[in-house]
Amino acid sequence: MAHYESALSDLAQQLTGTDASLASSLSDILTAAMQELIEAELTARIGAEPGERSPTRLAQRNGHRPKLLSTPAGDVEVGIPKLRKGSFFPELLEPRRRIDKALWAVIMTAYITGTSTRKVDDLVKALGCDTGISKSTVSRICKLIDDDVTVLRTRRLDHQPFVYVWLDATYLHVREHGQVVSKAVVIATGLRADGHREVLGVDVGDSENETFWTEFLRDLKERGLAGVKLVISDAHAGLKAAIRKVLQGSGWQRCRVHAMRNLLAVARSQQRAVISALIRTIFAQPDRDAAIGQLRSVVDQLTRIAPNVAERLQAMEDDLLAYTGFPPSHWPKIWSNNPIERLNRELKRRTDVVQIFPNVESVIRLVGALLVEINDEMIAADRRYIAAGSVAALLDDKDRLPSLPAAPRT
């Protein structure tokens with residue numbers, strides 16, 4: 001038993017990491033899932049579901065009594081079922097049994113493997129519950145998570161205009177038709193008129209082709225996305241075509257980080273340090289005219305030493321300097337895809353625990369649940385990502401937010 005508890009505890013630590021906000025956010029999921037396991041054990045014990053008429057019923061339910069438990073996610077309160085005759089106490093919560101971390105691992109395993117039952121069933125049995133856990137119970141537990149993710153993915157987006165939109169994709173391995181394939185997970189975040197960010201959407205597809213990106217962006221539009229002045233992304237051909245098709249009237253900023261990688265890829269290795277230093281001088285200019293002049297000067301210098309790089313840089317001028325049409329205080333936030341790249345790194349840190357997902361639904365479940373928490377943190381952040389006053393200058397009259405009276409001084 002000690003061996004199982006140690007292994008499950010290690011799994012729990014891997015899944016929760018050191019992110020206190022994630023552990024706190026998942027406490028509600030853990031509470032609901034523990035309650036499901038308790039109710040499933042009682043059903044197996046008395047031979048009937050709640051409200052079910054069955055000649056094999058051995059006892060009748062008679063409410064619940066609360067019990068506070070300490071878990072790695074913090075204190076959670078569950079209801080211990082009472083019976084009209086006799087008593088019941090869940091095997092999973094037997095006194096003095098060190099199962100809190102193990103149970104956490106059980107629920108998280110169900111969480112990351114979708115409706116795959118075998119691993120969850122083995123873990124529950126390792127905890128001493130010989131009846132195991134049914135596929136329907138795992139499905140009910142996962143449904144609680146799916147409901148929150150569905151709200152994030154289908155909610156209306158017309159509560160505020162979104163001036164800036166960042167788009168990016170990351171790739172995960174998924175088992176499909178008996179093979180392990182790579183799937184694109186695309187994510188959109190946006191800057192609201194009040195200066196806070198939100199996660200706008202997430203989806204999974206076979207690749208980043210134009211059709212997939214177009215459907216994704218159209219879904220955002222149909223849910224009310226409006227007021228977009230600038231879209232920031234890499235230069236994927238399918239994505240660029242979809243932006244032109246769906247987000248008409250919006251500018252497009254080519255991510256400077258991706259652009260630098262593309263330019264250095266065609267340069268000789270011994271020249272890359274010099275070329276990188278020259279290109280960075282473009283983004284150190286104080287205004288649009290100076291940035292344009294510096295880019296053209298860098299092109300002239302590179303023509304002599306790296307004509308391939310110079311030609312590509314010259315072709316990027318409009319897309320690479322789109323940010324200069326917006327307030328200078330916004331430039332560090334909108335000239336690259338760094339905000340969403342950081343989000344992707346956090347997702348990869350979490351999803352690397354799984355390595356190969358059993359199906360697309362499990363990808364949506366895990367990535368979506370993490371994005372729900374990230375979205376809440378963005379909205380509730382003490383500091384705005386960009387000052388609301390400077391964003392207001394970019395809004396059309398119809399998009400302006402009503403002004404609020406200043407808070408009284410105390």
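The values are calculated or read from the model by the stated rules, or taken from the named source; none is laboratory data. All values reported here derive from a predicted model rather than from experimental measurement. Neighbour counts run over all protein chains shown; Cβ positions are idealised from the backbone, glycine included. Quick note on the areas: whole protein, heavy atoms, side chains included, nothing else; ligands and nucleic acids left out. Shrake-Rupley method; radii C 1.70, N 1.55, O 1.52, S 1.80 Å.
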In nm, spacing of pseudo-spin labels at Glu222 and Arg304 (7 Å Cα→C-beta vector): 5.7 nm
Amide H partners (placed H, <5 Å) of Leu200, local residues excluded: Ala188, Thr189, Gly190
Taking the C-alpha atoms of the range 281-337, convex hull volume expressed per residue in Å³: 75 Å³
Extended-chain gain in nm, criterion 0.36 nm per residue less alpha-carbon gap, His159 and Gln314: 51.8 nm
Glu215/Arg345 FRET efficiency (R0 22 Å; Cβ-Cβ; nearest 0.05): 0.25
Residues whose placed amide H lies under 5 Å from that of Leu83, excluding near-sequence neighbours: Asn62, Phe88
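Taking Rh as the Kirkwood radius computed over C-alpha pairs, what is the Stokes-Einstein D of the range 199-266 at 10 °C in a medium of viscosity 1.306 mPa s, expressed in µm² per second?
123 µm²/s
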Per-residue ³J(HN,Hα) for the range 256-262, Karplus 6.51 cos²θ - 1.76 cosθ + 1.60, θ = phi - 60°, Hz, x for Gly and Pro: 5, 5, 5, 4, 4, 4, 5
Accessible surface of the range 153-260 [probe 1.4 Å, protein heavy atoms]: carbon and sulfur percent: 44 percent
Rh by Kirkwood over Cα pairs, then Stokes-Einstein D for the range 231-379 at 1.567 mPa s and 4 °C, µm²/s: 74 µm²/s
Sequence of Tyr323, Tyr385 when ordered by accessible area, the most exposed leading, probe 1.4 angstrom: Tyr385, Tyr323
In sequence order, calculated HN-Hα J values of the range 298-303 (Karplus, 6.51, -1.76, 1.60; Hz; x Gly/Pro): 5, 4, 4, 5, 6, 4
With DNA, RNA and ligands ignored, accessible area of Ser329 (1.4 Å probe; Å², nearest 10): 80 Å²
Amide H contacts of Asp168 (H built 1.01 Å from N, under 5 Å, at least 5 apart or other chain): Ile187
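Go through the range 157-254 and name the trypsin sites (Lys or Arg not before Pro) that are in a DSSP coil and have 16 or fewer other Cβ atoms within 10 Å of their Cβ. It would help to have the intermediate numbers written out before the result.
Working: sites: Arg175, Lys183, Arg192, Arg197, Arg218, Lys221, Arg223, Lys229, Lys240, Arg244, Lys245, Arg254; in loops: Arg223, Lys229.
Loop-located and lightly packed - Arg223.
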Karplus-derived 3J(HN,Hα), 6.51/-1.76/1.60, for each residue of the range 56-69, Hz, glycine and proline x: 8, 4, 9, 7, 10, 5, 9, x, 9, 10, x, 9, 8, 10
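Suppose R0 equals 41 Å; then what is the FRET efficiency for His64 and Ser390 from their Cβ-Cβ distance, rounded to the nearest 0.05? Can you show the working numbers first?
Numbers: r = 53 Å, r/R0 = 1.30.
For His64 and Ser390, the calculated efficiency is 0.15.
Using a probe of 1.4 angstrom, how much of the accessible area of the range 307-380 is carbon and sulfur, in percent?
Details: 1550 of 3140 Å².
Of the solvent-accessible surface of the range 307-380, carbon and sulfur hold 49 percent.
How many Å² of accessible area per residue for the range 309-363, probe 1.4 Å? The partial results should precede the final answer.
Numbers: 2450 Å² over 55 residues.
With the other protein chains kept in place, the range 309-363 gives 44 Å² per residue.
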